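S.K.: Have a look at this one before I ask anything.
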Ligand code: AHG
Ligand code: MN
Ligand code: MN
């Protein structure tokens, strides 16, 4: 991937978002103020992640979250950082997190709450103990003041996302965002403390013979997924799986390929959460020319029923997602 970055065009996330705003007449700056809060939280979380072992905050929190999963201490720390950074933004009505059972209502629409922000504060946190790459996934929705309940307000189909993105805490800290007019990639320059634009209008390769799935669960996948994997095994594919959605997705977004998390016995609806994992990734991948499906339905067409709803997910290069779809259709296991 060629980088557009040169010292002559130092463009920060802040100035990029403000410049984008000029394309939206009547924009009040509320939206860019929210992105700046996410950027601030990302820098703070990046710092915490890098010092986690030194500060003894790795490992289990000793509690299970609403997902029934053991919470990592860093899950809680990242969640608190995001809540503190976003809680001060006057244009946010509702915040919702993977780590919290219920959404947090900050203010009603009549009091200025124009947006809802949902996030997975630390994705892939179980890999943190062994220095694996982890991420923060976020999505921004418009607040609908007509809807009474906070959960009802945030249960919007992915097509209605205003923006989506993730921050990947790897050897570098990458910030990927789309506001519906393409995907832009920023990298944190720790010396100046800014996310700098390195790629505008990122496009995913149309095809790449690499799949990403936890093969340990193959026996419990619906047969369409099993026949796809058997086909891939005899058609020159290789496999890469980190077990951290942000890290696996970022590799595929840049190099091409396909990620699969099918239904399993443990997670018959799929493991990944629709509202703050699958939908934001789906918006990013579709904006970059890729595809995202859950069963045979485009992920962003699903009407959510509840905040922590899980879905199966196939995400990646358009040709590679089509190859999976063709096997699901043949074996009737797309649902
Ligand atoms: P989280 O750490 O937010 O709970 O997400 C973990 C998810 C996702 O990051 C990854 O793709 C998937 O869990 C890996 O699941 P398996 O360990 O079952 O493969
Ligand atoms: Mn996650
Ligand atoms: Mn998480």
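No lab work stands behind these numbers, since they all come straight from the coordinates. Just so it is clear, the model here is predicted, and its values are computed rather than measured. Neighbour counts run over all protein chains shown; Cβ positions are idealised from the backbone, glycine included.
S.K.: Order of 69, 277 from fewest to most other C-beta atoms within 10 Å?
M.R.: Exposure proxy ranking, most exposed first: 69, 277.
S.K.: Right, another one. By average Cβ neighbour count within 10 Å, what is the ranking of 292-301, 163-172 from highest down?
M.R.: Listed from highest to lowest mean packing, they are 163-172, 292-301.
S.K.: Rounded to whole Å and sorted largest first, list the principal axis extents of the Cα atoms in segment 35-102.
M.R.: 35, 27, 12
S.K.: I need the shape label for segment 71-149. Rule: rounded when a/c is under 1.5, else prolate if a/b > b/c, else oblate, with a, b, c from the alpha carbon gyration tensor.
M.R.: It comes out prolate by the Cα gyration axes.
S.K.: If you fit an axis through the alpha-carbon atoms of helix 73-87 and take the longest principal axis of the Cα set of the chain, what angle between them do you get, 0 to 90°, nearest 10?
M.R.: 40
S.K.: Could you work out the percent of alpha carbon pairs in segment 3-199 separated by over 29 Å, rounded to a whole number?
M.R.: That fraction is 24 percent.
S.K.: Could you tell me the ratio Rg/Rh of segment 210-331? Both radii from Cα atoms, Rh via Kirkwood.
M.R.: Rounded to two decimals, Rg over Rh is 0.92.
S.K.: Would the chain count as rounded, prolate or oblate if I go by the C-alpha gyration tensor, calling it rounded below 1.5 in a/c and otherwise prolate when a/b exceeds b/c, oblate otherwise?
M.R.: rounded
S.K.: Compute the acute angle (0 to 90°) between the alpha-carbon long axis of helix 318-331 and the principal axis of greatest extent of the alpha-carbon atoms of the chain; round to the nearest 10°.
M.R.: 50
S.K.: Please work out whether segment 160-207 counts as rounded, prolate or oblate from its C-alpha gyration tensor, where a ≥ b ≥ c are the square roots of the eigenvalues and a/c under 1.5 means rounded, while otherwise a/b larger than b/c means prolate and anything else oblate?
M.R.: prolate
S.K.: Once the Cα atoms of helix 223-233 and of the chain are each reduced to a long axis, what angle between those two axes, in degrees from 0 to 90 to the nearest 10, is obtained?
M.R.: 80
S.K.: OK, next. What whole-number distance in Å separates the alpha-carbon centres of segment 163-234 and segment 297-325?
M.R.: Taking the Cα centre of each part, segment 163-234 and segment 297-325 sit 14 Å apart.
S.K.: Using the count of nearby Cβ atoms within 10 Å as a rough guide to exposure, how do 80, 99 rank from fewest to most?
M.R.: Final ranking by Cβ density, sparse to dense: 80, 99.
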